[in-house]
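Report on the following structure.
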2 protein chains.
Amino acid sequence: MSLLVMKFGGTSVANVDRIKRAAKRVALEVAHGKNVIVIVSAMSGKTNELVDWVNDTSQFYDAREYDAVVSSGENVTAGLMALTLQEMDIPARSWQGWQVPVQTTSAHSSARIESISPQIINEKFAQGMKVAVVAGFQGISNEDRITTLGRGGSDTTAVAFAAAFEAERCDIYTDVDGVYTTDPRVCGKAIKLDKISYEEMLELASLGAKVLQTRSVEMAMRFKVKLRVLSSFEEPSNKAGTLVCDEEEIMESNVVSGIAYSRDEAKMTLVSVADRPGIAAAIFGPLSDAGINVDMIIQNIAEAGRTDMTFSCPIDQVSRAEMALNTAKESELINFQDLLADTNVSKISAVGIGMRSQSGVAAKMFQTLSDEGINIKVIATSEIKISVLVDRKYLELAVQSLHDAFELHEVSS
Amino acid sequence: MSLLVMKFGGTSVANVDRIKRAAKRVALEVAHGKNVIVIVSAMSGKTNELVDWVNDTSQFYDAREYDAVVSSGENVTAGLMALTLQEMDIPARSWQGWQVPVQTTSAHSSARIESISPQIINEKFAQGMKVAVVAGFQGISNEDRITTLGRGGSDTTAVAFAAAFEAERCDIYTDVDGVYTTDPRVCGKAIKLDKISYEEMLELASLGAKVLQTRSVEMAMRFKVKLRVLSSFEEPSNKAGTLVCDEEEIMESNVVSGIAYSRDEAKMTLVSVADRPGIAAAIFGPLSDAGINVDMIIQNIAEAGRTDMTFSCPIDQVSRAEMALNTAKESELINFQDLLADTNVSKISAVGIGMRSQSGVAAKMFQTLSDEGINIKVIATSEIKISVLVDRKYLELAVQSLHDAFELHEVSS
């Protein structure tokens, strides 16, 4: 009996009517002879309501109690989904995290799944149950207290179940119909990709394409779980959505598969830092301690024993970064002449597995931007990605021109 | 260390501000050196919202899934209450039914508590925890599925915890300030009772005074749990509320402690039934099968082998009762000439432990009603209760005149 995991996000189960629509998708798979594990999020808005209540009770809250409160939203959806499936004559029942159990670390509010016991659910499948509905986003710690996996954790729950049950695929139903070559709101020519590799998806996910949670993609890559992202608002079809899979399953990799962007970046420069061994650690240690997500880092050529150090970070972390660096300067851990913050930049990235074997991608990217008169402020590259910082006013132009240059409107996958 | 159980109903925890107010009451008891087990209901309105969703998904729902859904409201309140207490520097944590565990029967949606394990909570008390907050209304079955105890079940949870932990008292905080001699909306002279015996409370509860769930009073009586009903909206005081306790603890029992009423009753009469052995069983068997709550029963003296049989039941069960009796007649199980239904009656009851030792109570009741020109249609008595059916238009007059006649405005307890 082949097994499928289907995950429905908050907008896909926002009310009883949407739950019924989602249940019909499940019924279709059951009709095709499949057993299904359905992972559900809370009805959209519910988790925020619960979080607001917690914030109203206390400022520095006990994360264990926070988890006990916010996990309840998924429990409600799981029960309602099981009832809806039963009403369609499909043998179904719901499970909460502790009932499976989904064992996690004790890092409340951002726990990691350690193991999932398939025994009880498999027994029920053997007895004729067709659908197990599981509350996403939650588990239990060794102390038998309820944990949650952090925002977007239901994606991770879904992939973890697909791995534990060796499911043929994990379908993530959301409010977008797949992964696009870039954000359609920024570039009208953006098209949906039929397939994308885990590596590319990881770069796109962490670069701001908010389709899938990064952790879920990492886990899918590790356990080779085939992941499909698709919309619960479109008619079912075999061509629906985007398949995230191993690169071997993609016949011909695109040189560039997508253009990602991150609008609200900041570029910070430490001017005239004493260039000595250990200076990078002295700068980025305090930033890390302050919880700054440092992204790109550039060190200029040193002159007369001094250098400039530039890095990028999200715009809302600038003041915290400034505080951390000035504190380090005061305590004479580091020494710099000036600290400049440019909060008017965005990051544009070209991502593609094919870059590994094809040269000239970077050159083409720089030429394209140059032709449009866009000045590149910082460059960073990885094996399958080239990122640049540009002035924010050029964001749309940069994305559109790169989308054209790499002919993404006619990409095949 | 003395232990108190405090239960807060839905209106007492309706929002974060009310939860804070309730937490202050708990803090007061902790300041007096007590350990406290707090039992919470769902925020008022939340359970109805969940029930509505269940009803929207399916008409004949799986009670196990219903329980999984509706139990979530109490979990939210429990977490929020624990957080609020922690914010006040009181060591507290929440428990859901399965975490205690509260073991129940598998009769989903109307489960009965079988046992409560005090070990884990007592260990935490020994480690310095001051308050255990427990989600009311719920437990788990032998199959590790979530059960609920039925509406008002949080009262029963509270009493069961008080029994299992041998608490000194169980305080039920609600939106009324105690048990009254009668409904103050019907009789302006009604006064609050300081004490009432379990037996009287049971008669009052089942007669329609909606202060406490009948089951919780039965359980309190069986395990000798002192129960106090009081308002969470009044200033704390030692004289607050009504203590429900063993009659030995009430120095001088009142002949009559209260006048209860049930507005929407019906009187049904089977005219000219063949009077033979087994006829009562033949009539009331089918009514019981049809789920009719038959209350008072009167059989007239037989004449020429035939008799009239009269009984009362709630007004909304009349048509089902008629159907059951006509079906029994068609299948020749019973034989009657006519079936009359009087749907314009109410039941008035005088309740008092003192009746046992004092004669003349019934006579005084009948005389009082007669003086007011109120015709008595049916009479039923128990050891501590006299009930009569009267025309509904006389309800207020009957309650007020009996309240006067038994001098309940100056009752002592």
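Observations on the structure shown:
- Placing +1 on the Cβ of every Lys and Arg and -1 on the Cβ of every Asp and Glu, with nothing else charged, gives the protein assembly as shown a dipole about its Cα centre of roughly 260 debye.
- Calculated translational diffusion coefficient of region A:217-267 (10 °C, 1.306 mPa s; Stokes-Einstein with Kirkwood radius over alpha-carbon pairs) equals 115 µm²/s.
- Cα gyration tensor category, rounded, prolate or oblate, for region A:259-410 with a/c compared to 1.5: prolate
- Options A:ASN75, A:GLN138, A:SER94, ranked by Cα towards positive dipole end of region A:3-175, top entry (Cβ charges): A:SER94
- Candidates B:ARG18, B:ARG228, B:ARG320: whichever shows maximal mean-square fluctuation once chain B is modelled as a Gaussian network with Cα springs under 10 Å: B:ARG320
- Potential lengthening of the chain between A:LYS239 and A:ASN326 amounts to 25.9 nm, from the contour at 0.36 nm per residue minus the alpha-carbon distance.
- Calculated FRET efficiency, B:GLN59 to B:ALA126, Cβ-Cβ distance, R0 = 30 Å: about 0.05 to the nearest 0.05.
- Alpha-carbon centroids, region A:177-248 and region B:238-274: separation in whole Å: 68 Å
- Non-local Lys pairs in region A:1-151, i.e. 8 or more apart or on different chains, that have alpha carbons under 17 Å apart: 9
- Dipole of chain B, positive direction: furthest Cα of B:GLN337, B:MET323, B:THR214, with charges on the beta-carbon: B:THR214
- Computed extension length for B:ALA290-B:PHE223: 20.8 nm, one decimal, from 0.36 nm per residue of separation with the Cα-Cα distance subtracted.
- Legend: mean number of C-beta atoms from other chains within 10 angstrom of residue C-beta atoms, peptide B:89-96, equals 3.
- Anisotropy class of region A:248-330 from Cα gyration tensor, a/c 1.5 cut: prolate
- Loop-located GluC sites (Glu not before Pro) in region B:88-191 (DSSP state other than H, G, I, E, B) with a sparse environment of at most 11 neighbouring Cβ atoms within 10 Å: B:GLU143, B:GLU166.
- Region A:14-94: chymotrypsin sites (Phe, Trp or Tyr not before Pro) in DSSP coil with no more than 13 other Cβ atoms inside 10 Å: A:PHE60
- Peptide A:48-61, shielding by other chains (average Cβ, 10 Å cutoff): 4
- Electrostatic dipole magnitude of chain B [Cβ: Lys, Arg +1; Asp, Glu -1; Cα centre; debye, to 20]: 820 debye
- Comment: the Cα-to-Cβ extended label point of A:VAL271, at 7 Å, lies 10.8 nm from its counterparts in the other copies, nearest first.
- When the square roots of the Cα gyration tensor eigenvalues are ordered a ≥ b ≥ c, the ratio a/c for the protein assembly as shown is 1.5 or more and a/b exceeds b/c, which makes its shape prolate.
- Across A:LYS267, A:LYS364, A:LYS239, mean-square fluctuation computed from a Gaussian network of chain A (C-alpha pairs under 10 Å connected) peaks at A:LYS239.
- Estimated from the Cβ-Cβ distance and a Förster radius of 56 angstrom, the FRET efficiency linking A:LEU339 and B:GLN119 is about 0.45.
- Distance from the alpha carbon centroid of region B:37-113 to that of region A:316-338 works out to 49 angstrom.
- Lys, Arg +1 and Asp, Glu -1 on Cβ, resulting dipole of region A:259-410 about Cα centre, debye, nearest 20: 200 debye
- With the convex hull drawn over the C-alpha atoms of region B:3-175, the volume per residue is 96 Å³.
- Chain B - mean residue ellipticity at 222 nm from DSSP helices (-39,500 (n - 2.57) per run, n ≥ 4, rounded to 500): -10000 deg cm²/dmol
Here, each number is a calculation from the coordinates, and none is a lab measurement. Nothing here was measured: the structure is a model prediction, and the numbers come from that model. Positions of Cβ are generated from backbone atoms using ideal geometry, with glycine treated the same way; all protein chains shown enter the neighbour counts.
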